[in-house]
Structure formats: structure tokens, C-alpha cells
1. Kindly list the number of the only condition in (1) surrounded by fewer than 19 Cβ atoms within 10 Å (Cβ to Cβ); (2) closer than 18 Å to Tyr172 by Cα; (3) modelled with pLDDT of 95 or more that fails for Asn105.
2. Provide a single number: the residues in the range 112-149 that are surrounded by 22 or more Cβ atoms within 10 Å (Cβ to Cβ), modelled with pLDDT under 95 and not in a helix (DSSP H, G or I).
3. Tell me whether the range 160-168 contains one or more residues that are under 15 Å from Gly120 (Cα atoms), among the basic types (Lys, Arg) and either surrounded by 14 or more Cβ atoms within 10 Å (Cβ to Cβ) or more than 20 Å from the chain's Cα centre (by Cα) (or both).
4. Could you please let me know if Thr147 is of a type outside the set (Phe, Trp, Tyr) and touching an Asp or Glu at 6+ places or on another chain (Cβ under 6 Å)?
5. Collect the residues in the range 169-202 that are in a loop (DSSP other than H, G, I, E, B) and in contact with a strand residue (DSSP E or B) (Cβ under 8 Å, 6 or more places away or on another chain), keeping them in residue-number order.
6. Out of all the residues in the range 186-202, which are closer than 20 Å to Ala116 by Cβ and in contact (Cβ under 8 Å) with a residue 60 or more places away in the chain?
7. Among the residues of the range 169-183, write down those that are farther than 19 Å from Ala112 by Cα and loosely packed, with under 13 Cβ neighbours inside 10 Å.
8. Taking only pairs six or more apart or across chains, which ones have beta-carbon atoms under 6 Å, a first residue in the range 143-171 that is closer than 20 Å to Ile189 by Cβ, and a second residue that is surrounded by 15 or more Cβ atoms within 10 Å (Cβ to Cβ) and of a type in the set (Val, Ile, Thr)?
Amino acid sequence: MYGIEPNMNIFCQFNMKKKAKSKINKREIIELALIIVVFAGIYFSGYQAEIFGKVQQVVLQTGLMNAGTLDESAIKEASYDLILRDEKGQEVDMNTFKGKIIFINIWATWCAPCVAEMPGIQKLYDKTREMNNLVFLMISEDRNFETAKAWIDKKGFDFPIYYRASSLPKVYETGVIPTTFIISPKGDIVVKKEGMANYNTKKFRKMLIDLGESY
């Protein structure tokens, strides 16, 4: 009798571990299923850019992704060979902005990083309104421009948005959105940033002011 007990204990322990492992597996399966359901719900709701954009805004607020300033080694000649249309459908020739600082941002409402950086761009726009030599060209890549207009109105943003009425010059072609370019009054691309960033910083605003004063 006494010689059997250790074997019985081992058997019981084995069964308990097996049951615990079974419970863990079931729990993991349930958790995975819940995650899939949540992400599927987000995807089919059409609000995935909004939701993930909110999450990425937290990252921007840490200051880890503040926009850089001038990079002399990356300066390229800008192209003004671009025709846009504004919210009223009126044609806008980029050539009319020669001699000004141009902030170009290529974005879309379905792009979560674009959504994430928009509040910062609005704040930058608000704080630089008095700079008469600064122009914002927020170029939407949405298939339906009405979607972009409705989204901007919903968010309460009032910077001007546009869509392309001509092909994008090669120098602005990018496989990433958002992408932002800063063009100097002299006609050089002095900043190119692929991916989201926080542009509403003292350092970046000072760069824009200095850029205007240096030409």
C-alpha cells in the first residue's frame, strides 16, 4: 500500500498539470478569439484610421517624433509644376506661391498616421497665421475629395485642403503617407519627412521664421 502512494501522487500531479494546461490553452484560444473579434469590429466599422490614429497621437505627445529642421545635405530643387483644386473646386497653380515658404503635406483620411499628426499641424497653422510668406498645401489622396472635406469639417480643422488636378512632380513622389515637404522662398526642398511627426514645436516654428527671414 505504502509503495503505491508515490505513484498515485505522481499520477494525480500529472492529471492536474494536464488539466491546467488544457485550461490555459482554452483561455488563450478565447483571448485570441476576442482579439480577432475586436480588430474585425474596428476594421468593418470604418473607423480604424480614427482609432489607431488616436493611439499614435499618444506617441507624438511624448516628443519622440518631433519634426526635424533643415538638413543641408538633403536640399533639392523644388518643382512648381503642380495644379491643385481647392475645396470650392477652383484651380490653384503652385507657381503662384513662388517666393514663399510652402508646407506640403500629402495625406488621406484612411491613413492612421495622417490622422494622428493632423491636430499638431492645425496647431502649427494657428500659431503661424501671421506669417504672410507661409503657405500650407494639404494635399488629400482620398479617392473622393468630399470624404476629405467632410472629415476636416467634422474635426474642426480650418487649414486649406486640396486635391491634385495634375500628376505629382517626381521630386514629390513617395510611397509613404503622410509625407511632408518644406520649400524655401528660394525654391529648395529643405525638409522632407516621410511618416508622421509633431510639427508644432518651438524649434520647428523658429526654423520656419528663420527660413523666411533668410531670403
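The values are calculated or read from the model by the stated rules, or taken from the named source; none is laboratory data. Note that the coordinates shown come from a computational prediction; the quantities given were computed from them, not determined experimentally. Here the Cβ positions follow ideal geometry from the backbone for every residue, glycine too, while neighbour counts run over all protein chains shown.
1. Exception for Asn105: condition (1).
2. The qualifying residues number 0.
3. Looking through the range 160-168, none of the residues is under 15 Å from Gly120 (Cα atoms), among the basic types (Lys, Arg) and either surrounded by 14 or more Cβ atoms within 10 Å (Cβ to Cβ) or more than 20 Å from the chain's Cα centre (by Cα) (or both).
4. Answer is no for this residue.
5. Listed by number, the residues that qualify are Thr174, Val176, Ile177, Pro178, Ser184, Pro185, Gly187, Gly195, Ala197, Tyr199, Thr201.
6. Hits for the range 186-202 are Val191, Lys192, Lys193, Gly195, Met196, Ala197, Asn198, Tyr199, Asn200, Thr201.
7. Matches in the range 169-183: Lys170, Glu173.
8. Tyr162/Ile139
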